[in-house]
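Below is one structure, written out as structure tokens; the observations come after it.
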Amino acid sequence: ESIIQTYQSGTLLEMMKARIAEFFYYDLTGVMWNRTSFSMMLFGYVIGRNNLHKNYLVYWGKLKIILGICFLFYVAFILYFLIADVHFSFWVNILYNAHILVSVVTYIVLFLFIYKSNLLKRVTSLIINVGKMSLSNYLLQSIICAFIFTNYGFSLFSRTTPSYNILIVLSIYVFQILFSYFYLKKFKVGPLEFFWRKLAY
């Protein structure tokens, strides 16, 4: 209740303190999530380093097998968490993080299939623009959600239903698709991507 109250009517400093308290309360979860994030970063690095995002068609047969295996694991994880009486423990946490990794791989390969078969070609071309500005869109999404859910905006934290949350997510994403499309018509890269490249070089 105190966390909810802080996000609904607290100051920025109080919200930061609440976030720090949450992190230490879920310390094990935080450590596991950091491991998952790090492994995803390494996964992305290996793909980029070996240009697998450009010549992935060479491995198309293996990708089909990977998709099949990951999809079966994904379904098994979902059924386990839905059916079993799951209580938080170290091994359940590891299983949950494994589920995140498997689901990420499943989504990546599934989108490659959609892209290769030219299904939803117009939609994928719009999503590409969002991806080109991923860092800028990530921060923009955080700012928009902070405005919606904290007392600096509409103060809707813990007041919306899952149905409204879906509408909020879709609205934000449609806005980001349009924003990215029109921004990249005028500029080559996103604003934060521009500064990131300056720092990198």
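The values are calculated or read from the model by the stated rules, or taken from the named source; none is laboratory data. Predicted, not measured: the structure shown is a model, and the values here were computed from it. Glycine also receives a Cβ, built like all others from the backbone with ideal geometry; neighbour counts cover every protein chain displayed. Surface areas here come from the heavy atoms of the whole protein model, side chains and all, with no ligands, DNA or RNA. Shrake-Rupley method; radii C 1.70, N 1.55, O 1.52, S 1.80 Å.
Identify, by number, the condition in (1) in a helix (DSSP H, G or I); (2) modelled with pLDDT of 75 or more; (3) of a type in the set (A, V, I, L, M) that L28 doesn't meet.
(2)
If a residue has to be open to solvent by 90 Å² or more (accessible area, probe 1.4 Å) and part of a loop (DSSP other than H, G, I, E, B) to count, how many in region 51-87 make the cut?
Looking only at that region, the number is 4.
Scan region 124-143 and tell me whether some residue there is touching a Cys at 6+ places or on another chain (Cβ under 6 Å) and open to solvent by less than 100 Å² (accessible area, probe 1.4 Å).
First, pick out the residues of region 124-143 that are touching a Cys at 6+ places or on another chain (Cβ under 6 Å): none.
No, the conditions are met nowhere in region 124-143.
Which of the residues belonging to region 155-174 are open to solvent by 70 Å² or more (accessible area, probe 1.4 Å), under 16 Å from Q141 (Cβ atoms) and not small (G, A, S)? Explain how you work it out, then say what you get.
If we filter region 155-174 for residues that are open to solvent by 70 Å² or more (accessible area, probe 1.4 Å), which is where we start, we get 158-159, 162-164, 166-167, 169-171, 173-174.
Add one more test, that the residue is under 16 Å from Q141 (Cβ atoms), and what stays is 166-167, 169-171, 173-174.
Passing the criteria: I166, L167, V169, L170, Y173, V174.
Can you find, within region 40-50, the residue that is modelled with the highest pLDDT among those that are assigned to a helix (DSSP H, G or I) and open to solvent by 50 Å² or more (accessible area, probe 1.4 Å)? Quick ask: steps written out before the conclusion?
Residues of region 40-50 assigned to a helix (DSSP H, G or I): 40-49.
Pick out the ones that are also open to solvent by 50 Å² or more (accessible area, probe 1.4 Å) and you get 40-43, 45-46, 49.
Values: M40: 74, M41: 79, L42: 80, F43: 77, Y45: 84, V46: 84, R49: 87.
If we take residues in region 40-50 being assigned to a helix (DSSP H, G or I) and open to solvent by 50 Å² or more (accessible area, probe 1.4 Å), then R49 is modelled with the highest pLDDT.
Starting from region 65-76, take each residue that is without any contact (Cβ under 8 Å) to a residue 60 or more places away in the chain and under 12 Å from L110 (Cα atoms) and list its partners that are open to solvent by 70 Å² or more (accessible area, probe 1.4 Å) and in a helix (DSSP H, G or I), counting only C-beta distances under 8 angstrom and pairs at least six apart or across chains.
Within 8 Å, the pairs are L67/L110.
On the basis of being hydroxyl-bearing (S, T, Y) and at positive phi, does S180 make the cut?
Values: hydroxyl-bearing (S, T, Y): yes; at positive phi: no.
Spelling it out, it is not the case that S180 is hydroxyl-bearing (S, T, Y) and at positive phi.
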